[in-house]
Structure formats: C-alpha cells, structure tokens
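Data block below; observations after.
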Ligand SMILES: Nc1ncnc2c1ncn2[C@@H]1O[C@H](COP(=O)(O)OP(=O)(O)O)[C@@H](O)[C@H]1O
Ligand SMILES: [Mg+2]
C-alpha cells in the first residue's frame, strides 16, 4: 500500500494550464522578435566594420566590433545633438510646469467656465501640424523669432500644453478635495496651495508629462526644419541630412540613428522610476 | 406625513456653560440656506447660535446637510442665503483663509509629502508665524497629544489613530477662533473611538475653544455635545442639551432619532383623559393638553419607560418576549403588541440612519416594542410576563405633522 504524502506546495490548476502557458509565451516571444528586428539591424550594423556592411549580409552578427561608424558621424551630429538638448530640456520643463498650473485650476481650484475652457484647450491636441504650418511660420517671422531655438521652444511649449494640461488635470482630479480644503482652511491661497500641497504630490504626473514632451520635441522634424536656421538645426534635421545624402555608408547612418535616439531612452529610464511610485500612499485614511 | 417637518427653534434656556476663555468667539447662523447647482436644497434656513466656548454637535442621518453646513461655516462652500457671524464679524463672504477657523476632516486630509512636524506647523507658516514661535507651539501640541516621537514621520507611516491625532493637532496648534470637525472619529475602530471621544471632551474643557462637531451617530452626539442640534433634510429640528433633547423631543423624528434602543411607537387613540392601545388604558399625565381631547395620536414609549408590574397602580401589559438580548446588568426584550405598527417617513428616516440592529428585518403589520428590564428580573422566551407602563413617560405625537403633543 502506498500513501501519498505532501512534498511541497500544491497548485490547483487545470490539466491544460501548462501547455496553454507554454503556447502563450511562445506567441509573445514571436511578437517580441518581430518588433525587435529593426532594432537588431540598427545595433548590429552600427557596430560593423565598413567592409562587412552590405544589404545581403544585413542579418549577420559583426565579425569584429568597430566603433568607426560612431567616430565618423560624431562631428557631424554633435551640433544637432546639442541643439536638441537645448530644445527638449526647456520644452519639457516649461510645458510641464504650465500644464501643472492649468491642470490644477481646472480640477481643484475651479473657476466659472472651467468646463468650457478645458475642452477648448484639449481641442489643440487634435489640430494636425500641417494645418498650422504656414500661419505659424508667418507669425514667428513677424515676431522675429524665426531661425533661433527660442521660437522653436515657444512653439513646442504651446503645442504641448493641451496634453500636459490633460495629464495634470487627470492626476489632480484623483487627489482628495479635502486635501485642498484643508490647505484653504489652513490659510493658503491658490498659489501656495499649488506650491506646497499639489506640486509635491505630482512627481508621477511630471514624469509622464516630461517624458512625453521630451520625446515629442526631440523627435520633431517638421517644426525644426521650418523654424530654425542651419546652425540651430535639431538632431532630427541633421540626421536627415546624413541619411539622405548620397553615398553615405550604412553603418554611419545606423550609428547616427542610434546616437539620436539614446537621449530619449535615457530620459525614459531616469524618469520612468517615478511612474509607478505610489507617492500618494498614506495621504488619506487608507 | 410626507412633508419635512418644519424647523423648530431652540427651546431650553438652562444651558450649563463651560468656563469660556475670555477670547472665545461665538458663531451665529441666520437663516442659512444652501441650494446646490442642480437644485438640491441641502440646508434650509438654519438658525443656530453657538455661544463662545461651547461644544455643539450637529447630528442627523447621512445626507441631511451636516457637512454642507459645516463647510459653509468654514467658507469652503458659499451660502445661497442667510448670514454667518463669527463673533461680531459678518464673515458670510469671506474666504476660508480669512476666517481663522480650523477644520478636522473625516479623511484627516494630512499633507502626504510633509512630516508630522510640518503638517502641524503648516497653518502657522501660512499665517506668517515666526519659526521660534511655530516650533514652540508645535512642540507643545505634540506633547499634549503624545505625538513627540512621531514628529519626523510622514503620514503614510502612521496608524489610523495617530493620523487622527495629527489632524486634531493641526487644528489645535493654530489656536483658531473655532474648531469645525466633520465626523473626525468615524474612521477609527469602535474601541479607539470611545477613548478618543473622552480625550476630545477633556481637550475641550482644557482649551475652551468654540467647537462645532458633526456626526451621524447619536450616541456620540449625546456624549460629546453641550448642546446637540438635530438636522433632517436640511432643516434644523431642535437644538438643546442632550438631557432636554432626550426628555422633551419636539417631534417624532427627534424622538425616534435620539436614544438607544430607540423609542417604541404605536398608533393609539386618546379619549376621556386616557390613551388606548392594545386593549390597554393608560391615564394621561397630569396637566396634559390632551386631557379633554378625543383623537388619534402616535404614542411613544422609551424602552426604559416600563417597569416590572408591582402594586404601583401602573397599567400592565401582558406580553410574551420573542427575543431576549442579554446585556449583563440589563436585558432587552422584544415583544409583539396587538396594535398597528407606526410607519412614517420620520420614524423610517430616523431608524434608517441608525445602526441596523434597531431596524426590523421583516415588514410587519403589528407593532413590536423593545423593553429594557433589569437583569435580575426572570424572563425567558415564550414565557408571558407582565410589564407596567409608566404613565409619566409617555409621548404623544400628531399623526399628521409629527409634532409633539403635550
Ligand atoms: N457639491 C455638491 N453638489 C450637489 N449636491 C451636493 C453637493 N454636496 C452635497 N450635496 C447634496 O447635499 C445633501 C447634503 O449633503 P451633506 O452635507 O454632505 O450631508 P451629510 O454630511 O449630512 O451626510 C446631499 O443630498 C448631497 O447629495
Ligand atoms: Mg458628511
């Protein structure tokens, strides 16, 4: 007679659970591979020696690692990278701060007509770039802001306001009204309530808004090419000139592409930590 | 009886006033109303006079407008009509920042990114109190409330009771003209609630600050309030000392709402100087205005309005207990009465607002009474016993208006 004895934790599951799970992971793996193919080519080609680069051997791993590509494009790309940083950092900071103030008065310090103003602001999100291009360029020229980075910053800040306002309005809508009421009774006016009570709990919203604004101003090409002169070109325009030129070796194109997208990745890694943090934990009774 | 009962003015004059600090400030509400956008009339022409240093409790079923009234006093909600006075100042149109009252919220609303120390000091900081003075007062209040060892923690790292004390401390530290408290104990467990209630009473005796306290729990209201204002559907019903409220409710709603277990009601008729219900004839108390009346009434008897039948001449009621609730020193008996049940808006609203144990689970035609008898009185389920009705402790209400008939 054999007795079964428990040897460890027992899982209660259907007989098909295992095969189903394996299938699911295989499917997900296949999707991941599909989406990562271009990235693979980008990285692998950028690291190849010029002699190994060819379309027919695109998929092969490099036989020896070479940073030649990076060395070649760095001088050409550097001014663009610097310009883009000078563009994207102020844009993400200014539009997040303004979005925070907007979102605060639209959700927690409401004024008569807030319900009309908010949809009007949101409307700005749905206007396509192309529709405003000509009036925008004319306006900037009349303002004397064409050619420099300041005009481009202004344009991106304004274009980003609807989305940052939306982000902060939703975020603040989720915090308790009683917190704001407590600040009012404690003697704080609108600006001090914003500064001392609302902003300190908003880092997650700042992370989202800044990642968004950094990425979109970094990746923008159209406004950059229309509004800046050669010495102020952002990296996207510089990249276009490298990639679009005749006879440019593949590995150089790939290396510059890789360089151009690193900063956005970096911002995501740095700010992404704030995404999930439960900064509101313990604010209220729970 | 569908119309809300008309508001009733405060009656009692003999209010025991605690020693008021010389600088204590009174609060006066004159015909204060609030109609929200969308048409809800949350507060309807409330008159209330809170004396300097007094502890007044606003009580009523949830949704009756207590919080709205309190928020109007704080300035967080604009009035739709009427005036609010703090001392001799008309503050009706002042911002909350300018009113110098402190509020304790149900959720505590502690600032999550500030330490306890900064939470406590925030109100002083906003009012430009100098740092040394601020630190001194924060330290003093922290000591009174036993928060010294928590000063450098964030609210997230505190227990519910500790958060509650920080919320209280944030109000105290400012030494405001008045404390406004909106159900501050309702998120605590029952035991802590009772001990905080006692602490709150002691704190008030010590500080003597004018306080308006909101709760839906009539036990809390009765134990804390020097006076208790009962609100129903935005209308102030009665504002009186707990004793007076209990002994002389102005209407059916107040009678049903105050007291635990709640008052028993039965439809009865009055004629020939006596009330008749369930084959029982109870003589009216001496001097009753109903002495010569011949009409239908609603009769109310508190569970404690019965005695054990003895030779005191009280009319007796033979009853069979259905349920016996053992309380140690006392017992609650639930008995069927051979008379129609009273089911009015007022009693239903009052009962629904209370804990479910008072509510009848099944709709029934017959009235049921809860009777409180001494614990040494032998009773058992199903055994008939004689209960004497104390004629002095009967209440009569008009079946149409719900007003007390004396
Ligand atoms: N901001 C508001 N807008 C519309 N109606 C409200 C608002 N606040 C409260 N009310 C309504 O006013 C009534 C009283 O609410 P409240 O004062 O919160 O009651 P209580 O605190 O006594 O439970 C309720 O019917 C509620 O639905
Ligand atoms: Mg309330």
- line: Looking across the range B:210-226 at residues that are away from ligand 2 (no atom under 16 Å from the Cβ) and touching a helix residue (DSSP H, G or I) at 6+ places or on another chain (Cβ under 8 Å), the single one that is nearest to residue B:60 (Cα to Cα) is B:222
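Being at pLDDT below 85 and surrounded by 16 or more Cβ atoms within 10 Å (Cβ to Cβ) is the requirement here; does residue A:9 meet it?
On the way: at pLDDT below 85: yes; surrounded by 16 or more Cβ atoms within 10 Å (Cβ to Cβ): no.
It is false that residue A:9 is at pLDDT below 85 and surrounded by 16 or more Cβ atoms within 10 Å (Cβ to Cβ).
Yes or no: the range B:82-103 includes at least one residue that is within 16 Å of ligand 1 (Cβ to nearest atom), more than 14 Å from chain A (Cβ to nearest Cβ) and not in a helix (DSSP H, G or I).
Going residue by residue through the range B:82-103, those that are within 16 Å of ligand 1 (Cβ to nearest atom) are B:82, B:84, B:96, B:103.
This time we only want the ones that are more than 14 Å from chain A (Cβ to nearest Cβ), so: B:82, B:84.
Retained after the next criterion (residues that are not in a helix (DSSP H, G or I)): B:82, B:84.
Yes, the range B:82-103 has at least one match.
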- request: Would you check if there is a residue in the range B:42-50 being within 14 Å of another protein chain (Cβ to nearest Cβ) and at pLDDT 95 or above?
  value: no
query: Of all the residues that make up the range B:57-72, how many are assigned to a helix (DSSP H, G or I) and either closer than 19 Å to residue B:238 by Cα or more than 16 Å from ligand 1 (Cβ to nearest atom) (or both)?
result: 5
- prompt: For the range B:51-75, how many residues are within 13 Å of ligand 2 (Cβ to nearest atom) and either modelled with pLDDT under 95 or more than 14 Å from chain A (Cβ to nearest Cβ) (or both)?
  reply: 10
task: Give the residues of the range A:237-263 that are surrounded by fewer than 20 Cβ atoms within 10 Å (Cβ to Cβ) and within 13 Å of residue A:85 (Cβ to Cβ), sorted by residue number.
output: A:262, A:263
field: All positions within the range B:3-36 that are within 16 Å of ligand 1 (Cβ to nearest atom) and modelled with pLDDT of 90 or more
entry: B:29, B:32, B:33, B:34, B:35, B:36
- prompt: List, please: which pairs have Cβ atoms under 6 Å, are six or more places apart or on different chains, and start with a residue in the range B:195-223 that is within 14 Å of chain A (Cβ to nearest Cβ) and end with one that is part of a helix (DSSP H, G or I) and within 13 Å of ligand 1 (Cβ to nearest atom)?
  reply: B:214/B:66; B:214/B:70
message: For the list (1) assigned to a helix (DSSP H, G or I); (2) surrounded by fewer than 23 Cβ atoms within 10 Å (Cβ to Cβ), I need the number of the one condition that residue B:187 fails.
response: (1)
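So in the range B:153-184, with the set limited to residues that are within 16 Å of ligand 1 (Cβ to nearest atom) and part of a loop (DSSP other than H, G, I, E, B), which one is surrounded by the most Cβ atoms within 10 Å (Cβ to Cβ)? Write out each step before concluding.
Of all residues in the range B:153-184, those within 16 Å of ligand 1 (Cβ to nearest atom) come to B:180-184.
Subsequent filtering for residues that are part of a loop (DSSP other than H, G, I, E, B) retains B:183-184.
On the way: B:183: 20, B:184: 25.
Applying the filter and picking the extreme gives B:184.
The values are calculated or read from the model by the stated rules, or taken from the named source; none is laboratory data. Since this is a predicted model, take the numbers as computed values, not measurements. Quick reminder, even Gly has a Cβ in these numbers, built from the backbone with ideal geometry, and neighbours come from all protein chains shown.
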